[in-house]
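Here is the structure we will look at, set down as structure tokens.
The values are calculated or read from the model by the stated rules, or taken from the named source; none is laboratory data. It should be emphasised that the depicted structure is a prediction, and the values quoted were computed from it without experimental measurement. Note that we place each Cβ from the backbone using ideal geometry, even for glycine, and neighbour counts take in every protein chain shown. We work out accessible area using only protein heavy atoms, side chains counted, and drop any ligands, DNA or RNA first. Shrake-Rupley method; radii C 1.70, N 1.55, O 1.52, S 1.80 Å.
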Amino acid sequence: MRRKIAALFHELNRGNYAPILNTAAGRFEHCFAGQHALSGRRTSMAQTRAWYARLVRIFPNLRFELDRVIVCGWPWDTLVTVE
């Protein structure tokens, strides 16, 4: 699973966020920590798609470097935390 997460962030670094959206289950939660314009919690695909579209529009050259990927749970109930 860690390799899959790394591959998703590799795509995001290229501006392609569709693979991330394709991994979401019917019920999911997308959170981005902090007190700023990108922080918050999203629980619908429409909100999450809009968030990623805004992210790549505002930061077209943004690059993520993964320090830690923590994966817990079963395939049908997985929690992934990325630092």
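Is the shape of segment 3-83 rounded, prolate or oblate, going by the alpha carbon gyration tensor and its root eigenvalues a ≥ b ≥ c, with a/c under 1.5 for rounded and a/b larger than b/c for prolate?
Values: a/c = 1.45, a/b = 1.21, b/c = 1.20.
Rounded shape, in that the Cα axes give a/c under 1.5.
Excluding the sites themselves, what is the longest stretch of the chain that contains no trypsin sites (Lys or Arg not before Pro) in a DSSP loop with at most 13 other C-beta atoms within 10 Å? If you can, show how the numbers build up before the last one.
Details: sites that count: ARG14, ARG27, ARG63, ARG68.
Excluding the exposed sites themselves, the longest stretch runs over 28-62.
Using a probe of 1.4 angstrom, how much of the accessible area of segment 9-83 is carbon and sulfur, in percent?
Details: 2960 of 5600 Å².
Summing carbon and sulfur atoms, their accessible area is 53 percent of the total for segment 9-83.
In Å², what does the accessible area per residue of the chain work out to with a 1.4 Å probe? Don't skip to the end; give the middle numbers.
Values: 6310 Å² over 83 residues.
That works out to 76 Å² per residue.
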